[in-house]
Amino acid sequence: MNAHPPRFEIGIDTGGTFTDMVCRGPDGFSFLAKVPSTPDDPSRAVLTAVDRLVSECRIDPAEITRFVHGTTVATNAIIERKGARLGLLTTKGFRDILEIGRQMRSGLYDLILGQETPTYLAPRRFRKEVIERVGADGTVLVPLEEATVRAAVQDLLSRDVEAIAVSYLFSFRMPGHERRTRDIIREMAPGLAVSISSEVDPAEREYERTVATAFDAYVKPVVDTYLRNLEAGLRDKAIRAPLQVMQSRGGIASVQSARRRPVRLTLSGPAGGIVGGKTTAEAGGHRNVITVDIGGTSCDIALIADGKAITRPEGDVAGYPVRVSMVDVNAIGAGGGSIAWIDSAGGLKVGPQSAGSMPGPACYGRGGAEATVTDASIVLGYLNPDYFAGGSLVLDPRLSFQVVEEKIARPLGVTVEEAALGIHRVLNGQMAEGVRFVSIKQGFDPRAFALVPMGGAGGLHATALADQLGIGRILVPHHPGVLAADGLLSAAVEHEFSRPLLQALEALDPKALADAFAALDADCIEAARADGQELGDSDLQRFADLCYDGQSFHLEVPVDLDHADPLGSLRQAFHETHDRVFGQSNDGPVRVVNLRVVRQAYVTARTPRIDLPSAFAVDGAAGREVVLPGVGRMLATVLRRDALPAGYAADGPVVIEQKDTTVLVPPAWSFAVDQGGNLLLARLPDR
């Protein structure tokens, strides 16, 4: 959809430490801001960023016509277990499906590992059985006894539930019983949040479907309250732009759609960074990249192959499988605020605990008493205490030295600098393993990709990470610290619908396949119209989940209905995908599990004006001692990024400072500035 660009458009991404804003406007206008996040109420930080924009740039709020938000509210509700008090209705005999789960266990002989299924969502007293039964072919075997529904709902209401999830056996084949149950719940408790599995996850495997539905209902009241409060706050500031929200797959949804299916927001924040990294990389001519978004609390890693982010039909949230289509992000507890600590065996560990934004690292001077990665960076000379976050937060190096010495160096019997190097080495090792998880495990060689570091800490760790992985090219975007917010403005408005098929590929009729996809596309178009959106010249993507006969897990494969032999090309694509992911394929019968349609409509985002100087002022360079692994203490040139013209190049050691990040270029690397203001880092040949 090539619409006229809005006058001012805002993208705001909420992180664990900072909330980032990007505003684009006419004539290349661009405004960037980072404000401390407010975990108790994330909307406060969002509205604070809006206030800064309006006051500093004298913008009329009525001129803001687009507002896109990436939020961690759904994810945090799951991680912190602060969702709704939930009731679960199941088919009689399946009350304990949430507890039984699957036979797979990550620690089969670990007696203290704890429950590996999310029973906390609905303890047994909150799980009720309903008399009904649908067969595997959709035939009603036992009609719905509405009296049992009313009795179960009444019991749950007496326990003060705030949401109810409904997951009946084979409801994806015949959803009538679940829909009638929802009607009864709404009659008995108007306004109570309800999620039914035939709409949340219409696919086979009752455990996974129940988990997805339970998580959807669990976060629904929390997400709904947050989005309503944020909408009210924006209205109070005279902003009338409709609120849009990033989904886990990397597409934007209306706020109404986000409320209906909040489980699709579990990777809302990281998805924005992937879209931003993809857009920046493509502008620089790179279609195969690995994005590493290192913030204050976590590190989000994703792979983009041939210009497309890898997606998966099921993700992991807080250690539990959630069957929701999402970008393949490996999120680990590694960031600038990650706390370094000594385990009982005397080993150095980093994370996953984080100091967050309050109290933050010790150098923030807000009472932080633990050594963090940011404190280690101060000790090593990588960060400028007077120019952190553009000077909005002045750091105290003395506190960093004290806490690293007390908490790490002294217990290990090493110097403060050795302890700081150790903290970085452990963190970099964790991130390298995270990159291998999204690349090698998926059949991709990371050495064939460029690295795109993002987030406030991405530029500091990029070369060390690339060295461990054998990556020789790094692309640092013009404003990597706010790229997740920037990516929100480049993302497409997206609608996705799926349906189970459960049929042998060899027995499938091509016309039946085309008709099934046409029905799903009609659902996408209807959903868009319900949200008040016109899809126009949108992109339509078709996918099928396939597996070999007898396999328990499937792979998502694109479907080309325009091919001369659509079924043959689909079979060949599946064999190739299976070979890449698992290292082998065979000629056995292939089974179609699900069909999926994704329709995307792009809004033409405004292009920011990149103001690069025409020449470099030599006297603008300074020097600072840094401590590098394997090298020790040495003098590095310190450059301000806004002083670098296009075409400027130099060898390390160099520290490049800007408002939203710091880039470290060690002696074995060089860098150059391209026409878009991006930094291209390359490993120097052995001398």
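Derivation of every value follows stated rules applied to the coordinates shown; laboratory data play no part. The model shown is predicted, which means the values in this text are computed figures rather than measured ones. Positions of Cβ are backbone-derived with ideal geometry, glycine not excepted, and every protein chain shown enters the neighbour counts.
List of remarks:
- Principal axis box of segment 83-219, alpha-carbon based, largest edge first, Å: 45, 36, 22
- For the peptides 17-27, 541-551, 510-520, the ranking by mean Cβ contacts within 10 Å, running from highest to lowest, is 17-27, 541-551, 510-520.
- Stretchable slack from Arg52 to Ala530, in nm (0.36 nm times residue separation minus alpha-carbon distance): 168.7 nm
- In plain terms, the bigger the Kirkwood radius, the slower the diffusion; for segment 414-468, with that radius from Cα pairs, at 10 °C and 1.306 mPa s, Stokes-Einstein puts D at 130 µm²/s.
- Extension gain (nm, one decimal) between Ala345 and Leu684, 0.36 nm per residue minus Cα-Cα: 118.1 nm
- Crossing angle, helix 42-57 versus the chain [Cα axis fit, 0-90 degrees, rounded to tens]: 50
- Charge-dipole axis of the chain as Lys and Arg at +1 and Asp and Glu at -1 on Cβ define it, positive-most pick from Pro352, Leu86, Phe172: Leu86
- Angle of helix 566-582 to the longest C-alpha principal axis of the chain, folded into 0 to 90 degrees and rounded to 10: 50°.
- Magnitude of the charge dipole for segment 510-564, about its Cα centre and with charges confined to Cβ atoms of Lys, Arg (+1) and Asp, Glu (-1), is about 160 debye.
- Given charges at Cβ of Lys, Arg, Asp, Glu: the chain dipole, positive-most of Phe437, Val46, Val140: Val46
- Computed packing ranks the peptides 635-646, 375-386 as 375-386, 635-646, most packed first, by mean other Cβ atoms within 10 Å.
- Residues whose amide H falls under 5 Å from that of Ala340, counting only those 5 or more places apart or on a different chain, are Gly351, Ala371, Thr372, Val373, with hydrogens built in the peptide plane.
- With Cα atoms, 0 to 90° folded angle of helix 510-530 axis to the chain main axis: 70
- P(r), alpha carbons of segment 1-93 - 5 Å bins starting at zero, rounded %: 3, 11, 21, 18, 13, 11, 8, 6, 4, 3, 2, 1, 0
- Modelled spin-label separation between Arg410 and Gln541, with each label point placed 7 Å from Cα along the Cα-to-Cβ direction: 5.4 nm.
- Estimated FRET transfer efficiency (Asp549, Ala318; beta-carbon r; R0 35 Å; 0.05): 0.55
- Each of Trp341, Trp669 was scored by other Cβ atoms within 10 Å of its Cβ. Arranged with the fewest first, they read Trp341, Trp669.
- Cα centre as origin, Lys/Arg/Asp/Glu Cβ charges: segment 582-687 dipole, Debye: 480
- Reachable aspartates and glutamates, given that their alpha-carbon falls under 14 Å from the alpha-carbon of Lys659 and they are not under 8 places away in the same chain: Asp20, Asp386, Asp642
- Here's the picture: charge each Lys and Arg Cβ at +1 and each Asp and Glu Cβ at -1 in the chain, and of Gly623, Val452, Gly413 the one pushed furthest to the positive end of that dipole is Gly413.
- Label-zone membership for segment 506-544, site Asp565, 7 angstrom Cα→C-beta point, backbone N under 19 Å: 506-514
- Members of Lys82/Lys441; Lys34/Lys278; Lys308/Lys349 lying beyond 25 Å, as alpha-carbon distances in this model show: Lys82/Lys441; Lys308/Lys349
- For the pair Ala643 and Glu187, the difference between a 0.36 nm per residue extended length and the Cα-Cα distance amounts to 157.7 nm.
- Distant-in-sequence amide contacts of Thr662, defined by a placed amide H-H separation under 5 Å and a gap of 5 or more residues or a different chain, comprise Gly459, Leu460.
- Value of Rg to Rh for segment 493-601 (Rh from inverse mean 1/r over Cα pairs, i.e. Kirkwood): 1.01
- Rounded to the nearest 20 debye, dipole of the chain from Cβ charges on Lys, Arg, Asp, Glu: 940
- The chain - share of DSSP beta bridges that are antiparallel (%, nearest 5): 70
- Eligible aspartates and glutamates near Lys92 by straight Cα distance, threshold 19 Å, same-chain separation 8 or greater: Glu129, Glu132, Asp137, Glu145, Glu146, Asp155, Glu178, Glu204, Glu206, Glu208
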